[in-house]
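S.K.: Here you go, one structure.
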Amino acid sequence: MITVHNLTKTYGENTVLNIDHLEIPKGQSFGLVGNNGAGKTTLFSLLLDLIQPSSGHIINKDVQVDQSEDWKPFTSAFIDETFLIGYLTPEEYFYFIGELRGRNKADVDALLSNFEDFFHDEILGQKKYLRDLSKGNQKKVGIVASFIGNPEVVILDEPFANLDPTTQIRLKGIIKDLAAKEGVTVLVSSHDLIHVTEVCERIVVLNKGEIVKDIHTSAETMKELEAFFAG
Amino acid sequence: MLKHFIGLQWKSFFRSATFKTEIWFKILMALGALYFVVVFLGMGVGAFFLIKEMEIGDPLRVVNQFMIYYLAFDLVFRYMLQKMPVTNIKPLLYLPINKSKVVNFSLGKTVISFFNLAHAFFFIPFSIVLLVEGYPPLQVVGWHLALMAIIYCNNFINVMVNNQNVVFYVIAALFIVAGASQYYQWFDITIYTGPIFDFFYDIPWTAIIPWLILVGLYYGAFAYFKKHMYLDGGLAKKQTEAKTENLEWLDRFGNLGTFLKNDIKLIKRNKRSRSAVIAGAFFIFYGLLFFTGALEVYDGPFWKIFAGIFVTGGFLFSFGQYVPSWDSSYYPLMMSQNIKYREYLSSKWYLVIIATIISTILATFYIYFGWEAYAAVLVGAIYNIGINSYLVLWGGAYVKTPIDLTSNKKAFGDKQAFNAKTLLLTLPKLVLPIGIYAIGHFLINPMAGYIFVAVFGLLGFVFKNKVFTMIEGIYKKEKYKTLLAYKQK
């Protein structure tokens, strides 16, 4: 689904990302871990063509992302609060994203009804603008919005941060289902090793911009990761 | 402790992102500030002689008579523009600093605000002129001190009523009514307020009264702030109750409707964009300066075209100029969502066009000033739609100032909005139509001048697709730079 070729990103002298080759097959739940500054968000931003690669390129389902915009219809993402429109209510925001992705109100409502648990009665019908929601609730909105319109690729940066424990557990279930049942390629980054090992079938460790580990998740993965990060 | 506070203030001023602008712009700003200083000084020195020449009475009494309006305007200006001292208090709350100290410092900071000091440039020279002219020193000093105290009273009143929109609008409305009834000579408020200010002059020791009031207000503000210095109190962000709006009537426009819906909500729900639109609406009346002959300098024939462009282009200039910055806080979303640049740009274009048409309809009253006035307005509208609408979108590609929708802070004089490229782009917006008009005006007649400008505007309309392709290309080229710039709040 996604292929990365000789991708580098440098700022001045500083190389923040350098990936020779990376292939993510369709329907894989892919986890990205690494310390601060490892290049996780840089990779995601490159995937979304929000920054330009210094060299190399990314192919998303036959589309080179920095050349054509044709990857947009089947790719969605939630990176941070700049993906939310602060002056809309959650409902308006969902419908807006829905309209951009060719889904009418009824479609969106049907999708939202699956997330009632997840929202925990704190999102819909609250008479609040997104900018006035708490960080955690904003995150919930952004994550669910990224599921609208049956995307084939979903990119979530640090989806577990700021969420309460109940929601974290629910989100894990949702992500697993997406990949397993609907064949969606899910890319998740996280600082929390436990969450990623539970959710992702494959985990790639970035360190200072380079891939240092590429693991197929198994019972030993957690130990391996801990050993790595303990240094 | 004070040393620390001042140090923090110093750093926050000099390290702010907006301060690091191009050097020539700093010079321009300094010149602008100097200009205002000179204007105020001129007013202070000149007011006395000007009033004397007009022979409407003793200059001091006249100034006193209208002082109430001066103070009212001051209050309105402060309300709209003066920043509240609460910013940056949050990080100090849990530090081992006395709360009173923090409040005292924050309030003290407002004392040296430009809004207070600017008045000195009027009052000090005015008082000096009074002394030179042989007014009794003791009385002048009493008057001066009293008014100084009153200006500072305004400062603290503003601090206390801030964010109380109701209070503000009631006061503003009262003064508008007072002003209007004075103009039409129904009721003259200055008859009652003038003597109050005279009083401070006639009996100088009474200057102590406003000072006592000032002290009272200071303690009022102090107590108010101290009491509300909690995260869920005065420091909390104000939340408005949100209402979901569907605006389904816009659905028939397809994808365009989706964006238009969003833009309408953007304008309605954010302070900054609302102010821009209101400012734009005022432009409709700008033409009155030209067509009524109120200002002699504007009597030349070209100024009519100039007026026409401004009358119908208020929204275009005040809102259009900042496309795409209005979407700066969620630009990454727009760039990664299933959106074609062209659709995004056309929706903004349509918004500008619709607003221009509405302004043109509203400006119909210019017919009152003769066909030529309204022709200028119509021609200005055609030019705005045909040419200027592209130019603002084009210029927008280079305006990389993130906009904080929720505050009015930098609504006036956004520094980065003026870079060399946008400045260059204003030339064709204003100078070109005047030039075209001049050609027709001098070669044939005024009518031909209008026709030339209109034809030029219509030509722009014809080339819409071509121009859009070009603008789209520029936006794509600037995309990464824009994304980066919006990140740096």
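S.K.: Go through (1) under 19 Å from A:Ser76 (Cβ atoms); (2) in contact with a strand residue (DSSP E or B) (Cβ under 6 Å, 6 or more places away or on another chain); (3) without any contact (Cβ under 8 Å) to a residue 60 or more places away in the chain and name the single condition A:Asp49 misses.
M.R.: (2)
S.K.: Mind checking which residues of the range B:257-271 are more than 8 Å from chain A (Cβ to nearest Cβ) and among the basic types (Lys, Arg)?
M.R.: If the condition is that a residue be more than 8 Å from chain A (Cβ to nearest Cβ) and among the basic types (Lys, Arg), then B:Lys268, B:Lys271 are the ones that fit.
S.K.: Are any residues in the range B:268-282 closer than 25 Å to B:Ala307 by Cβ and free of Cβ contacts under 8 Å to residues at least 12 places away in the same chain, and if so, which ones?
M.R.: Correct list: B:Ile278 only.
S.K.: Do we find a residue being modelled with pLDDT under 85 and away from chain A (no Cβ under 14 Å) anywhere in the range B:348-363?
M.R.: Scanning the range B:348-363, I find no residue that is modelled with pLDDT under 85 and away from chain A (no Cβ under 14 Å), so the answer is no.
S.K.: While we're looking at this one, here's another question. Condition first: surrounded by fewer than 16 Cβ atoms within 10 Å (Cβ to Cβ), assigned to a loop (DSSP other than H, G, I, E, B) and away from every other protein chain (no Cβ under 11 Å). Now tell me which residues in the range A:123-163 satisfy that.
M.R.: A:Ser134, A:Asn150, A:Ala161, A:Asn162
S.K.: Within the bounds of the range B:438-445, is there any residue that is assigned to a helix (DSSP H, G or I), surrounded by fewer than 18 Cβ atoms within 10 Å (Cβ to Cβ), within 34 Å of the chain's Cα centre (by Cα) and at negative phi?
M.R.: Yes.
S.K.: Do you know which residues across the range A:109-128 are over 18 Å from B:Ala242 (Cβ atoms) and of a type in the set (A, V, I, L, M)?
M.R.: Answer for the range A:109-128, where residues must be over 18 Å from B:Ala242 (Cβ atoms) and of a type in the set (A, V, I, L, M): A:Ala110, A:Leu111.
S.K.: Still on this model: Looking only at residues that are surrounded by fewer than 24 Cβ atoms within 10 Å (Cβ to Cβ) and more than 7 Å from every other protein chain (Cβ to nearest Cβ) in the range A:79-91, which one is farthest from B:Asp404 (Cα to Cα)?
M.R.: Per the stated criteria, the residue is A:Asp80.
S.K.: Could you pull out the residue among A:Phe94, A:Phe118 that is more than 13 Å from chain B (Cβ to nearest Cβ), of a type in the set (A, V, I, L, M, F, W, C), in contact with a helix residue (DSSP H, G or I) (Cβ under 6 Å, 6 or more places away or on another chain) and assigned to a helix (DSSP H, G or I)?
M.R.: A:Phe118
S.K.: Please go through (1) more than 14 Å from chain B (Cβ to nearest Cβ); (2) under 20 Å from the mean Cα position of the chain (by Cα); (3) without any contact (Cβ under 8 Å) to a residue 60 or more places away in the chain; (4) crowded, with 17+ Cβ neighbours inside 10 Å for A:Gly27 and return the number of the only condition it doesn't satisfy.
M.R.: The number of the failed condition is (3).
S.K.: Kindly evaluate A:Lys213 against the criterion of being surrounded by 15 or more Cβ atoms within 10 Å (Cβ to Cβ) and either of a type in the set (Lys, Arg) or under 16 Å from the mean Cα position of the chain (by Cα) (or both).
M.R.: yes
S.K.: Return yes when B:Phe77 is at pLDDT below 75, in the same structural domain as B:Lys109 (by TED's automatic domain parsing) and closer than 29 Å to B:Ile176 by Cβ and no when it is not. Give the derivation first.
M.R.: Details: at pLDDT below 75: no; in the same structural domain as B:Lys109 (by TED's automatic domain parsing): yes; closer than 29 Å to B:Ile176 by Cβ: yes.
For B:Phe77, the condition - at pLDDT below 75, in the same structural domain as B:Lys109 (by TED's automatic domain parsing) and closer than 29 Å to B:Ile176 by Cβ - is not met.
S.K.: Next question. Which condition from (1) within 11 Å of chain B (Cβ to nearest Cβ); (2) of a type outside the set (S, T, N, Q); (3) over 20 Å from B:Phe259 (Cα atoms); (4) more than 16 Å from the chain's Cα centre (by Cα) is the one that A:Glu13 breaks?
M.R.: If we test A:Glu13 against (1) within 11 Å of chain B (Cβ to nearest Cβ); (2) of a type outside the set (S, T, N, Q); (3) over 20 Å from B:Phe259 (Cα atoms); (4) more than 16 Å from the chain's Cα centre (by Cα), just (1) comes out false.
S.K.: Next question. With the structure loaded, tell me whether A:Arg103 is more than 23 Å from A:Gln168 (Cβ to Cβ), among the charged types (D, E, K, R) and more than 8 Å from every other protein chain (Cβ to nearest Cβ) or whether it fails that test.
M.R.: For A:Arg103, the condition - more than 23 Å from A:Gln168 (Cβ to Cβ), among the charged types (D, E, K, R) and more than 8 Å from every other protein chain (Cβ to nearest Cβ) - is met.
S.K.: In the list A:Asp164, A:Asp157, A:Asp177, A:Asp192, which residue meets the criterion of being free of Cβ contacts under 8 Å to residues at least 12 places away in the same chain and among the charged types (D, E, K, R)?
M.R.: Exactly one residue qualifies, and that residue is A:Asp177.
S.K.: Here's a follow-up. With the structure loaded, tell me whether A:Asp109 is touching a residue at least 40 places away in the same chain (Cβ under 8 Å) and among the acidic types (Asp, Glu) or whether it fails that test.
M.R.: When the stated conditions are applied, A:Asp109 does not pass them.
S.K.: Using beta carbons and a limit of 8 Å, which pairs, at least six apart or on different chains, have the first residue in the range B:120-147 and closer than 16 Å to B:Ile209 by Cα and the second one outside any helix (DSSP H, G or I)?
M.R.: From residues that are closer than 16 Å to B:Ile209 by Cα, the pairs are B:Gly142/B:Ile203.
S.K.: Still on this structure, please answer the following. Of all residues in the range A:187-231, which are of a type in the set (Gly, Ala, Ser) and either part of a helix (DSSP H, G or I) or on the phi < 0 side of the Ramachandran plot (or both)?
M.R.: Result: A:Ser189, A:Ser190, A:Ser218, A:Ala219, A:Ala227, A:Ala230.
S.K.: Check whether at least one residue in the range B:329-346 is buried (at least 20 other Cβ atoms within 10 Å of the Cβ), within 14 Å of chain A (Cβ to nearest Cβ) and acidic (Asp, Glu), and report yes or no.
M.R.: no
The values are calculated or read from the model by the stated rules, or taken from the named source; none is laboratory data. Computed from a prediction, not measured in an experiment: that's the story for all the values here. A quick note on method: Cβ atoms are made from the backbone with ideal geometry, for glycine too, and the neighbour counts reach across all protein chains shown.
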